[in-house]
Amino acid sequence: MSKPSTTTEGMKRGGYYDDHSEYQRATAASAASFIPESVAAVPLPSDGQMFVIADYGSSTGRNSVAAVRGAVERVRGRRADQTIAVIHNDLPTNDWNALFANVTSAADSYVHAAGPPVLSMASAVSFFEPAAPSASVHLGLSFSAAHWLRTQPDLVLPGGFYFSEAIGDARAALAAQATDDWTAFLIARAADLQPSGRLLVQMVGTDPTTIPAGSGITARKLMLAMSEVAGELVADGLLDAARVKRYVLPVYARTPAEARAPFEGQDATLRDLFELIECRTDPVANPYLQQWRTDRDSAAYGRAYSAFVRAFTESNLREHLFARGRDGAEADAVLDDYFARLARRFAADPERDRFEDWTLTVVLARR
Ligand SMILES: C[S@@+](CC[C@H](N)C(=O)[O-])C[C@H]1O[C@@H](n2cnc3c(N)ncnc32)[C@H](O)[C@@H]1O
């Protein structure tokens with residue numbers, strides 16, 4: 001199989017992401033309040049057809065099976081014997097064995113919902129393309145995934161690893177890339193969804209109302225810490241300075257205004273396809289920091305926070321920052337060193353580089 005041109009091969013495998021994604025689990029749990037209204041608004045299928053739920057960017061499903069279960073139970077609350085299919089979408093390189101293990105054995109999985117067995121399916125394609133049979137999906141869900149850009153940005157970004165540190169043309173180019181990708185994601189979902197189907201997307205966001213300006217960007221403090229620790233590796237001769245300047249983590253935290261833009265104004269590309277029901281940011285509390293504020297175990301906090309970051313960044317960092325010119329074992333060693341340094345830095349001052357989150361929630365109705 002030829003290697004897909006994507007910005008990640010998926011989350012860290014072998015159970016690592018499941019063990020170190022409490023934050024994403026909390027984000028998916030925060031969707032619970034949006035699901036009842038979304039399910040209630042979708043017409044149930046007629047003629048014995050299945051109700052189809054899609055989970056876009058599912059990874060191993062560990063964090064989404066409970067939200068999907070909430071949706072399944074709401075559907076069954078309307079029609080107890082309604083048959084249901086769940087399509088889990090992610091990249092072909094995702095850990096699909098882990099996905100089906102979680103679907104079948106996690107205690108909070110939708111397969112344990114009362115009623116007829118739920119059909120679980122996989123869609124191994126980029127979510128920038130249609131990812132389900134045309135007009136088949138009644139309810140689309142996506143948690144902590146739609147902020148990933150489609151292609152690796154090709155920019156010099158001397159101030160740090162993240163779009164928030166870009167200025168001038170570089171910032172405009174990243175914003176334009178994020179707009180194009182959001183539009184492509186939504187056009188693909190319009191192809192998947194039934195008329196009157198609903199789509200609930202949660203992703204990292206930016207709250208532009210926080211003071212001082214720029215302080216409401218999800219993960220900004222973390223990304224500054226990550227670029228500074230990469231600078232330490234450069235100083236120690238372990239990483240090429242030019243590569244660090246060219247590296248951008250391909251994630252974009254949109255503001256509500258950026259998320260709404262394709263639906264508003266004269267050139268609104270998506271207004272005919274969707275009605276915008278909800279678009280807002282809400283903070284999601286940091287489980288690692290909450291734990292540290294309770295137990296004051298700084299070393300454990302540093303390890304947990306570093307592992308959380310490694311679980312979702314390693315694939316991209318390996319490919320675009322650490323692996324060039326190195327064999328696999330050398331790349332592993334420098335990754336181990338990098339995340340150990342990050343863990344020590346987080347432990348030394350737990351509040352300074354804390355992960356702050358403003359989750360962006362968008363709910364849409366397919367026209
Ligand atoms: C942080 S994980 C979130 C996983 C899960 N939804 C959760 O809440 O834990 C982001 C997921 O998005 C997937 N992803 C990134 N870009 C993608 C794309 N273009 N198409 C499909 N999935 C993608 C990654 O492979 C990864 O599994």
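At-a-glance table
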| read-out | value |
| --- | --- |
| Test item: Cα-centred dipole of the stretch 156-265, Lys/Arg +1 and Asp/Glu -1 on Cβ, debye | 200 debye |
| Sum of -39500 (n - 2.57) over DSSP H runs of 4+, divided by residues of the chain (222 nm, nearest 500) | -12500 deg cm²/dmol |
| Heavy-atom surface of the chain, accessible at 1.4 Å and reported per residue (Å²) | 41 Å² |
| For the stretch 248-288, diffusion coefficient by Stokes-Einstein and Kirkwood Rh (Cα), 4 °C, 1.567 mPa s, µm²/s | 104 µm²/s |
| Sites matching GluC sites (Glu not before Pro) across the stretch 258-343 that sit in DSSP coil, with at most 15 neighbouring C-beta atoms within 10 Å | Glu264 |
| For His320, solvent-accessible area (1.4 Å; no DNA, RNA or ligand), Å² | 40 Å² |
| Amide proton proximity set for Phe143, modelled H, under 5 Å, gap of 5+ | Tyr56, Gln202 |
| Residue-by-residue Karplus 3J(HN,Hα) for the stretch 15-21, coefficients 6.51, -1.76, 1.60, Hz, glycine and proline x | x, 4, 4, 4, 6, 10, 9 |
| Selection from Ser46, Gly160, Thr93 lying farthest towards where the dipole of the stretch 44-166 points positive, charges on Cβ | Ser46 |
| Estimated vicinal HN-Hα couplings, Hz - the stretch 22-35 in sequence order (Karplus 6.51, -1.76, 1.60; Gly, Pro = x) | 4, 5, 5, 5, 5, 5, 4, 5, 5, 6, 3, 6, 8, 6 |
| Cβ-Cβ FRET estimate between Arg324 and Thr93, R0 fixed at 25 Å, reported to 0.05 | 0.85 |
| Residue (of Ser215, Leu270, Ala230) at the positive-pole extreme of the stretch 190-312, dipole from beta-carbon charges | Ala230 |
| Distance cut-off 25 Å, percentage of C-alpha pairs in the chain lying past it | 54 percent |
| Overall dimensions of the stretch 212-327 by Cα: Rg and Dmax, Å | 19.0, 55 |
| Table column - 3J(HN,Hα) (Hz), the stretch 325-336, Karplus curve with 6.51, -1.76, 1.60, x for Gly and Pro | x, 10, 7, x, 5, 5, 4, 4, 5, 6, 5, 4 |
| Charge dipole (debye, nearest 20) of the chain; +1 at Cβ of Lys and Arg, -1 at Cβ of Asp and Glu | 360 debye |
| The chain, relative contact order [Cα under 8 Å, separation at least 6], % | 21 percent |
| DSSP beta bridge pairing in the chain, given as percent antiparallel to the nearest 5 | 45 percent |
| Cα gyration tensor of the stretch 1-144 - equivalent ellipsoid semi-axes, whole Å, descending | 25, 17, 13 |
| Relative contact order for the stretch 149-247, counting Cα pairs under 8 Å that sit 6 or more residues apart, in percent | 40 percent |
| Percentage of interatomic Cα-Cα distances in the stretch 125-251 larger than 27 Å | 32 percent |
| Value in Å of the Kirkwood radius, where the stretch 86-158 supplies the Cα pairs that are averaged | 14.7 Å |
| Alpha carbon centroid spacing (whole Å) that separates the stretch 160-238 from the stretch 341-358 | 19 Å |
| Relative contact order %, the stretch 192-296, counting alpha carbon pairs below 8 Å whose residues are six or more apart | 24 percent |
| Principal-axis tilt of helix 65-78 within the chain, Cα atoms, nearest 10 degrees | 20 degrees |
| With every protein chain in place, the chain: carbon and sulfur % of accessible area (1.4 Å) | 52 percent |
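The values are calculated or read from the model by the stated rules, or taken from the named source; none is laboratory data. Everything numeric here is computed off the predicted structure, so don't read it as measured data. Using ideal geometry, Cβ is built from the backbone for each residue, glycine included, and neighbour counts are taken over all protein chains shown. We work out accessible area using only protein heavy atoms, side chains counted, and drop any ligands, DNA or RNA first. Shrake-Rupley method; radii C 1.70, N 1.55, O 1.52, S 1.80 Å.
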